[in-house]
Amino acid sequence: MERKLALELLYDHTKTDSLRKHALGVEAAMRFYAKKFDKDENKWSIVGLLHDFDYEATPDPKDHPMRGAKILKQQGYPEDVIYAIKSHASYLGLERHSLMDKALFAVDELVGFITAVTLVRPSKNIHDVKVSSVRKKMKAVAFARSVSREDIIEGSESLELDLNIHISNVIEALQGEADILGLTGE
């Protein structure tokens with residue numbers, strides 16, 4: 001699996017900048033956790049990069065991520081990569097077996113939430129985001145209302161990490177890619 005080819009696949013199917021940046025953010029968080037858990041960084045990164053590549057064309061749960069899984073299978077991606085991508089969609093009811101499955105689920109919603117927290121800060125800079133700011137915004141029901149706080153908490157628990165540590169890890173991962181993600185401020 002080559003990142004270059006995965007990136008081409010993402011860009012072929014995903015035209016909106018925000019969804020592309022989300023994929024790159026999830027990729028960064030997955031790479032962070034692959035290093036932390038001494039796992040295959042390339043594989044985990046590609047899982048993060050491609051987890052929503054079909055979402056723009058098929059956002060309906062009856063199609064996403066199954067349409068993407070079919071494309072990945074046709075292109076010869078490993079079964080564990082495809083399964084991790086499918087298992088991040090809770091509505092499919094798939095058990096998350098591997099640490100990679102659990103990590104993808106754990107970072108997906110949190111990356112989006114931390115990005116939203118960053119973008120409402122006056123500086124719009126990820127380097128100014130603190131765990132306490134994220135926790136405070138999690139309590140604000142109207143803020144980023146489409147992000148499931150329950151999934152964020154469940155994801156942290158599935159990795160057996162304290163929620164504050166998990167949030168800190170994902171912030172750190174996103175800080176490492178701040179330029180690419182457009183999170184360096186105005």
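Laboratory data are not the source of any read-out in this text; all were calculated from the coordinates shown. In this text the structure is predicted, and so the values were computed from the model without any measurement. Counting neighbours? That spans all protein chains shown, and the Cβs are built from the backbone with ideal geometry, glycine included.
Loop-resident trypsin sites (Lys or Arg not before Pro) (DSSP state other than H, G, I, E or B) in the range 46-107 with no more than 14 further Cβ atoms inside 10 Å of their Cβ: Lys62.
In loop segments of the range 68-128 as defined by DSSP, the GluC sites (Glu not before Pro) with at most 10 further C-beta atoms inside 10 Å of their C-beta are Glu95. Charged side chains reduced to their Cβ positions (Lys and Arg at +1, Asp and Glu at -1) give the chain a dipole of some 420 debye around its Cα centre.
Output the DSSP H helices from the chain with an along-axis C-alpha extent of no less than 30 Å and a mean Kyte-Doolittle hydropathy no less than -1.0.
Working: long enough: 99-120 (32 Å, 1.51).
In the chain, the long hydrophobic H runs are 99-120.
Straight-line cross-link reach from Lys130 at under 12 Å between alpha-carbon atoms covers these aspartates and glutamates, not counting any fewer than eight positions away in the same chain: Glu172.
Only helices enter the 222 nm calculation for the chain: every DSSP H run of n ≥ 4 contributes -39,500 (n - 2.57), and dividing by all residues gives -19500 deg cm²/dmol, rounded to 500. Annotation: for a label point projected 7 angstrom from Cα along Cα→Cβ of Asp80, residues of the range 40-56 with backbone N closer than 13 Å are 40-45, 47. Sorted ascending by nearby beta carbons within 10 Å, beginning with the fewest, His13, His127, His88, His64 become His127, His13, His64, His88. Counting neighbouring Cβ atoms within 10 Å and putting the fewest first, the residues Ser132, Ser158 line up as Ser132, Ser158. Using a simple spin-label model with pseudo-atoms 7 Å out from Cα toward Cβ, Phe37 and Asp179 lie 3.0 nm apart.
If I stretch the segment between Asp63 and His97 completely, what's the gain in nm (0.36 nm per residue apart, minus their alpha carbon distance), one decimal? Don't skip to the end; give the middle numbers.
Numbers: separation 34, 0.36 × 34 = 12.24 nm, distance 2.23 nm.
Taking 0.36 nm per residue and subtracting the Cα distance, the gain is 10.0 nm.
Full extension of the chain between Tyr11 and Asp128 gives 39.2 nm of extra length, using 0.36 nm per residue less the Cα-Cα distance.
Over the chain, what is the relative contact order in whole percent, taking alpha-carbon pairs under 8 Å and six or more residues apart? Spell out each step's value before the answer.
Numbers: 236 pairs, mean separation 42.6, N = 186.
Reported relative contact order: 23 percent.
Roughly how compact is the chain, stated as its Cα Rg over 2.2 N^0.38 Å to two decimals?
Numbers: Rg = 15.4 Å, N = 186, 2.2 N^0.38 = 16.0 Å.
Its radius of gyration relative to the 2.2 N^0.38 Å reference: 0.96.
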